[in-house]
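Chemist: Could you have a look at this structure, given as structure tokens, before my questions?
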Amino acid sequence: MAFAWKTAGLTYNRYLAVASRVVRRSLKEDKRLAAERRGEMDLRFAKWENGKQGENKPLASANEQAMADAASGSQQS
Amino acid sequence: MLSRAARPALRASAAIKPATAVAPNAATYATLREIEGRLKSIRNIEKITKTMKIVASTKLTRAQRAMNESRVYGQTSDQVFKEAETKPTEGEGKKQLLVVCSSDKGLCGGIHSGLSRYVRRQFAEGNQSYDLVILGEKCKAQLGRSNGKDIALSFAGVGKDVPTFADASAIADQITLLPGEYSSIKILYNKFINAQSYEPTVVEAFSEEAIANSPNFSSFEVDESLLGNLREYALANSLYWALAEGHACEQSARRNAMDNASKNAGDMINKFQILFNRTRQAVITGELVEIITGAAASEE
């Protein structure tokens, strides 16, 4: 794959999120505050197995973890 | 007395505490006070529901604006697949993924149970097997009881505020990371028809294979290797659309529910007010009668 972010294990959505975060942070002060509120994400998620709910984890850190795993996996292979 | 004789336990308990029979006079006073207490509590409830209604109305306008904005995302993304004439692949034996967009909060009528009922109907028709991804605590609680073994992921924290694209893309990422191949991903949400009505609707998010096989896709002149990205992005778009529309529905449903609750509370207040006045009148009349008969008796 030709993209650096793809080889780094990011998904397209993660790539978009990072890019938009950079754009938001470089806005002027008043606009930045309004825009950064649009970028907030505070979800938790849980995996289910055999009808039992797993542990509730924050989504953001879990996503980062998954991306990091994907990155190390792709480097090894 | 027959009924009491028939139940010896009752007689025994009556024998233990004979002091339960108070003067009938005191009883009417007590009910008067009881009615007053209930009136007060109903008034408080009415106040609360009215405030919640106002909060929901203000949130509704914001939610509707967000919905209209998000619709553009969803429709543009749909446009691509319409032009490409993408059809969902009929993967035999492959599972489909059903994403249910509800929210964490209740007190908004039947919109969450509407979604749950739709899901259960899909299972009941059942020549297809689904895995569930559930956004929001309410549907999780409802479906966790009946279809717990089919749930793959559940997300909490949805619906606190107007959903953002960051929410949608994070969820989409986690869904794409799911192990297992799905022939298609269906997103179930409440479609906003007008302020009074909404219905559970499904939008399709296609799999990579389906996009590649669509007849007109070559006219876009897109590299094959980019299809995965397109799929992820389209999933996020559709999710964002579904979340925002579901949120607007929830707010409008909550507004209606609170409106009805305040109306019912008003009805109850009227009824209890009349009952209260009648009872008070009856007590006063009773007392007057007693005084007069007492006076008449002592005169002689």
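Chemist: Output wanted: per-residue J couplings in Hz (rounded whole) for segment B:218-228, from phi through Karplus 6.51 cos²θ - 1.76 cosθ + 1.60, θ = phi - 60°, x for Gly and Pro.
Modeler: 4, 5, 7, 6, 10, 4, 4, 5, 8, 4, x
Chemist: Another one. Each residue of segment B:204-212 in order: what ³J(HN,Hα) in whole Hz does its phi give by Karplus 6.51 cos²θ - 1.76 cosθ + 1.60, θ = phi - 60°, with x for Gly and Pro?
Modeler: Per residue, the Karplus-derived 3J(HN,Hα) values read 9, 10, 7, 7, 4, 4, 5, 5, 5 Hz.
Chemist: List, in order, the whole-Hz ³J(HN,Hα) value for each residue of segment B:71-85 obtained from phi through the Karplus relation with A = 6.51, B = -1.76, C = 1.60 and θ = phi - 60°; use x for Gly and Pro.
Modeler: 4, 4, 4, x, 6, 5, 5, 5, 4, 4, 6, 5, 5, 7, 6
Chemist: Give the Rg/Rh ratio for segment B:159-255, taking Rg as the radius of gyration of the Cα atoms and Rh as the Kirkwood radius, to two decimals.
Modeler: We get a ratio of 1.04 for segment B:159-255.
Chemist: To two decimal places, what compactness ratio does segment B:53-257 give when its Cα radius of gyration is scaled by 2.2 N^0.38 Å?
Modeler: Details: Rg = 16.8 Å, N = 205, 2.2 N^0.38 = 16.6 Å.
Relative to the rule-of-thumb radius for its length, segment B:53-257 sits at 1.01.
Chemist: Now for a different question. Amide H of residue A:48 versus every other amide H placed in the peptide plane: which residues, excluding those fewer than 5 positions away on the same chain, fall under 5 Å?
Modeler: A:54, B:153, B:154
Chemist: Further question on the same structure: Local charge sum around residue B:190 (other residues, Cβ-Cβ under 13 Å, Lys/Arg +1, Asp/Glu -1)?
Modeler: +1
Chemist: Check residue B:158: other-chain or 5+ apart residues with amide H under 5 Å from its amide H, H built from backbone geometry?
Modeler: For residue B:158, the qualifying residues are B:104, B:136, B:137.
Chemist: Right, next: Amide H neighbours of residue B:184 under 5 Å, at least 5 residues apart or on other chains, H built in the peptide plane: list them.
Modeler: Amide H neighbours of residue B:184, under 5 Å, 5+ apart: B:97.
Chemist: Shifting gears a bit: Please give me the summed charge of the neighbours of residue B:35: other residues whose Cβ is under 12 Å from its Cβ, Lys and Arg +1, Asp and Glu -1.
Modeler: Net local charge, residue B:35 excluded: +4.
Chemist: Follow-up question, since we're still on this one. Tell me the per residue accessible area of segment B:53-257 using a 1.4 Å probe; a whole number in Å² is fine. Intermediate values should be presented prior to the final figure.
Modeler: Working: 8810 Å² over 205 residues.
Accessible surface, normalised per residue, equals 43 Å².
Chemist: If you don't mind, there's one more thing I want to ask. Which of the aspartates and glutamates could be linked to residue B:138 by a straight reach, that is with a Cα gap under 15 Å, when you skip same-chain ones fewer than 8 residues away?
Modeler: Answer for residue B:138, where 15 Å is the Cα cut-off: B:104, B:250, listed by chain and number.
Chemist: Let me test this: with uniform point scatterers at the alpha carbons of the protein assembly as shown, what is the Debye-based log₁₀ I(q)/I(0) at q = 0.08, 0.10, 0.14, 0.15 1/Å?
Modeler: -0.57, -0.75, -1.23, -1.36
Chemist: Name the residue from B:133, B:210, B:297 whose Cα lies farthest towards the positive end of the charge dipole of chain B, charges +1 on Cβ of Lys and Arg and -1 on Cβ of Asp and Glu.
Modeler: About the Cα centre, the residue reaching furthest to the positive side is B:297.
Chemist: Follow-up question, since we're still on this one. For residue B:82, which aspartates and glutamates qualify as cross-link partners when the Cα separation must be under 17 Å and same-chain residues fewer than eight apart are set aside?
Modeler: Reachable aspartates and glutamates: B:204, B:208, B:209, B:221.
Chemist: Using a 1.4 Å probe on the protein chains only, how many percent of the accessible area of chain B belongs to carbon and sulfur?
Modeler: 55 percent
Chemist: Mind grabbing the interface size between A and B? I mean buried accessible area, both sides, 1.4 Å probe, in Å² to the nearest hundred.
Modeler: 2400 Å²
Chemist: Counting only other chains, what is the mean number of Cβ atoms within 10 angstrom of the Cβ of each residue in peptide B:135-146?
Modeler: Rounded to a whole number, the mean comes out at 1.
Chemist: Still on this structure: Here are some pairs, A:47/B:140; A:31/B:53; B:47/B:263; A:52/B:191; A:47/B:95; B:50/B:140; which of them have Cα atoms lying more than 21 Å apart in this structure?
Modeler: On the way: A:47/B:140 12 Å; A:31/B:53 31 Å; B:47/B:263 11 Å; A:52/B:191 30 Å; A:47/B:95 18 Å; B:50/B:140 29 Å.
In this structure, A:31/B:53; A:52/B:191; B:50/B:140 exceed 21 Å between Cα atoms.
The values are calculated or read from the model by the stated rules, or taken from the named source; none is laboratory data. In this text the structure is predicted, and so the values were computed from the model without any measurement. With ideal geometry, Cβ positions are generated from the backbone for all residues, glycine too; neighbour counts draw on all protein chains shown. Quick note on the areas: whole protein, heavy atoms, side chains included, nothing else; ligands and nucleic acids left out. Shrake-Rupley method; radii C 1.70, N 1.55, O 1.52, S 1.80 Å.
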